[in-house]
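The structure appears below as structure tokens.
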């Protein structure tokens, strides 16, 4: 039996199944659907043409010249070093010859004085003549040596290390967490040490009971100071204050990395806090309670916090904020839901706290210990799942890019510089190299 076209108000007989809408339609509407699809190609063609035009109009020579300036500066600096080395060796040569000539002049002067004295006293002997002749012969040999072959200069060809110059093109999008290198350094984390850590690119702050320790880029403990203020819930770094901020349940502390002095902040409302993070303008604190809120505090001057206000609309009454962290532009927040026993990661604007995306995480629910995350490569995020011992790589658009099992229980993670991942784990603080940059190397000889 013939069917009528599925399009409303169309009485024509259906002639075909449209694969786009999965409906039986007449020829006319089938053609319309086909035309609609074809019409969607035209904006794509326009975008491709725009990109092609941009590529065609790029001033290649200008780009090359801009980068060549660095190579040319290296060339100038290298020539300068060679010239300085050459000048140094020339001065060394001059000193050697002049010192030798002066030495011979002094001997001649001593010889002349002795002969003058012998003539004056008229006491010369055959032995004196013999000694004087011997000295004169020696002086003649020395002067001959100076004139002919006193100086020997040994030179070797200048051999350049091919690694002196490398030119790298970054390809951050291609990093895959599955190629995470093995641990190359572990710092001991004794029982009783808190897992929170933070860094300012130069130094990493950790707790190694009973001390707070500052670790440098060589992964050596540079400084330490006893910590006597109770549980450390979180740590972050403030560029504006030039201080580490340490979060206790009810108090906030500043740590000066230069003096290692600890200062208790008096201008913060005493509430139960759990997590903290900073952007250039603001400090964010989350409360340690169901129905968690975020307090946003503006930096008005060094070591001063002002304009505090709360955002109570982040969580429902049965929800809890585990962690807030930032990449200077946006906030990443891990929230647990007690009713559904779910955990999600949200990305919010640091200016408005508006939600940009939300991702439900495949993580076992646990109410006893908060989960942690940190900014990762190319504005992505990395989540530490201590329940199943995994690391989750989340893209900046809120998609799970990859998941890898970790060889121990990871509690807290952070990037230290651009190529080092730090994992605060059950058995210590682990350091991994992240060789995520695709590199093209040009050897310049």
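Taken together, the values in this text are just the output of simple stated rules run on the coordinates, not laboratory data. Remember, predicted model here, so these are calculated numbers, not experimental data. Quick reminder, even Gly has a Cβ in these numbers, built from the backbone with ideal geometry, and neighbours come from all protein chains shown.
What the table shows:
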item	result
Sorted by Cβ neighbour density within 10 Å, fewest at the top, the residues 113, 9	9, 113
For 347, 164, order by how many other beta-carbon atoms lie within 10 Å, fewest first	164, 347
Distance in nm between pseudo-label sites at residue 115 and residue 202 (7 Å out along the Cβ direction from Cα)	7.0
Global geometry of the stretch 16-57, whether rounded, prolate or oblate, following the gyration tensor of its Cα atoms and the 1.5 cut on a/c	prolate
Packing rank of 70-82, 188-200, 323-335, where each peptide gets the mean count of other beta carbons within 10 Å, highest leading	323-335, 188-200, 70-82
Two-site FRET efficiency, residue 53 against residue 76, from Cβ-Cβ distance with R₀ of 35 Å, rounded to 0.05	0.40
Compactness relative to 2.2 N^0.38 Å, alpha carbon Rg of the chain	1.70
Protection-proxy order for peptides 121-129, 97-105, 338-346, each taking the mean of Cβ atoms within 10 Å per residue, highest first	338-346, 97-105, 121-129
Span from the the stretch 9-75 Cα centroid across to the the stretch 211-253 one, whole angstrom	51
If the convex hull is drawn through the Cα atoms of the stretch 65-148, its volume per residue in Å³	79
Distance in nm between pseudo-label sites at residue 66 and residue 344 (7 Å out along the Cβ direction from Cα)	4.1
Cα Rg over Rh - the stretch 172-433, Kirkwood	0.93
Packing-based exposure ordering (other Cβ within 10 Å, fewest first) of 26, 412, 21	21, 26, 412
Gain upon complete extension [residue 188, residue 408; 0.36 nm per residue less C-alpha separation]	77.8 nm
Reciprocal mean inverse distance between Cα atoms of the stretch 246-297 - Kirkwood radius, Å	11.8
With Cα atoms, 0 to 90° folded angle of helix 27-57 axis to the chain main axis	20
Rg ratio (alpha-carbon, reference 2.2 N^0.38 Å) - the stretch 190-343	1.04
Cα-based helix-to-principal-axis angle, 126-148 vs the chain, degrees rounded to 10	30
Alpha carbon Rg of the stretch 318-426, scaled by the compact-globule rule 2.2 N^0.38 Å	1.00
Helix 60-121 axis, angle to the chain major axis (alpha carbon atoms, nearest 10°)	20
